[in-house]
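Heads up, the thing below is written out as structure tokens.
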Amino acid sequence: MKQHGIKPGQMRVSNATMQDVIQRYTREAGVRNLERELASVCRKVARKLAEGSKDRVVRVTKVNLESYLGVPKFSDSEIDAPESVGVATGLAWTEVGGEILNIEVTLMPGKGDLILTGQLGEVMQESAKIALSFARNKARLLPLDNDFFSSVDVHVHVPEGAIPKDGPSAGVSIATALVSAFFDIPVRRDVAMTGEVTLRGKVLPVGGINEKSVAALRAGVKKLLLPKGNEKNIKELPEEVRKNLKIQVVETMDDVVETALAKKLDWGIEHRRQIGGIFGSRQPKPTN
């Protein structure tokens, strides 16, 4: 304000507006771009004052912020409202903080191929393959035809495909989305998770817990699933995160799906018919 000739009391910016500037117009480890954005606001305010604004005090609010800075450059990746089959909420670490990853899985008639889209790096592709092997092993509990997996393609997609993604922390969320798709059970949208998974379903610890937990809280997540190996990191999380997020420690994928799925796995006849109905004419084997 001083640099732009604005006297104390001539300009007011609320805390909520300042948060909007930080979250929707800047993504950086420092504050240089934030300074530039605030300077841009001050220049326009100074012009209003120089042109003889009727208002003695120019107020910059969340409502009129776009008139000063234009369309927001960034948007928070919020969780989808409805529960969906084959969609799980994962978390990723970036140089400028944590991000929400909505992992999507769909099944379609095919030749047993695994299709990966969304600019996934080599490590994340390996995570997807391990998650698929785990989910297929879990699906043996279903009364499927012997050639089921050789006649169905599995497509794993991570939206915002223009952004490269890599790292060993998406295995749990991919496995959850796959189990959801195989068993036709929606995933709870207020649950987010992070961690790597082994072929036997053990959940391994990952990094970036601080940033990921903040991203989960910002997106509206209610419960966060963390690997047992990251339990020591919980006490280091910001107080606001520990106060507003219910954090659950998990050791295996069984722990994850029990919490993340909208209902428990059901082996009843009714559920089996639902599974068979997904693929049209491909029906489950008859049971005695």
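The values are calculated or read from the model by the stated rules, or taken from the named source; none is laboratory data. The structure presented is a predicted model; accordingly, all values stated were derived computationally and were not measured. In this analysis, Cβ positions are derived from the backbone assuming ideal geometry, glycine residues included, and neighbour counts consider all displayed protein chains.
Annotations
- Yes/no for Glu99 being assigned by TED's automatic domain parsing to the domain that holds Ala262, within 15 Å of the chain's Cα centre (by Cα) and acidic (Asp, Glu): yes
- For the range 30-71, a tally of residues being hydrophobic (A, V, I, L, M, F, W, C) and surrounded by 14 or more Cβ atoms within 10 Å (Cβ to Cβ) returns 11.
- Where helices (runs of 4 or more DSSP H) sit wholly within the range 1-82, those with at least 3 residues that are of a type in the set (A, V, I, L, M, F, W, C) occupy 15-25, 32-50.
- Evaluation of Val203 against (1) within 18 Å of Glu236 (Cα to Cα); (2) in a strand (DSSP E or B) (one fails), failing number: (1)
- The one condition in (1) surrounded by fewer than 16 Cβ atoms within 10 Å (Cβ to Cβ); (2) more than 20 Å from the chain's Cα centre (by Cα) that Leu107 fails to fulfil: (1)
- Among the conditions (1) surrounded by 13 or more Cβ atoms within 10 Å (Cβ to Cβ); (2) under 30 Å from Lys222 (Cβ atoms); (3) not basic (Lys, Arg), the only one that Phe74 does not satisfy is (1).
- Test: residue in the range 68-77 that is within 30 Å of Arg188 (Cβ to Cβ) and acidic (Asp, Glu): yes
- Of all residues making up the range 160-189, the number that are within 14 Å of the chain's Cα centre (by Cα), surrounded by 16 or more Cβ atoms within 10 Å (Cβ to Cβ) and either at pLDDT below 90 or in a loop (DSSP other than H, G, I, E, B) (or both): 5
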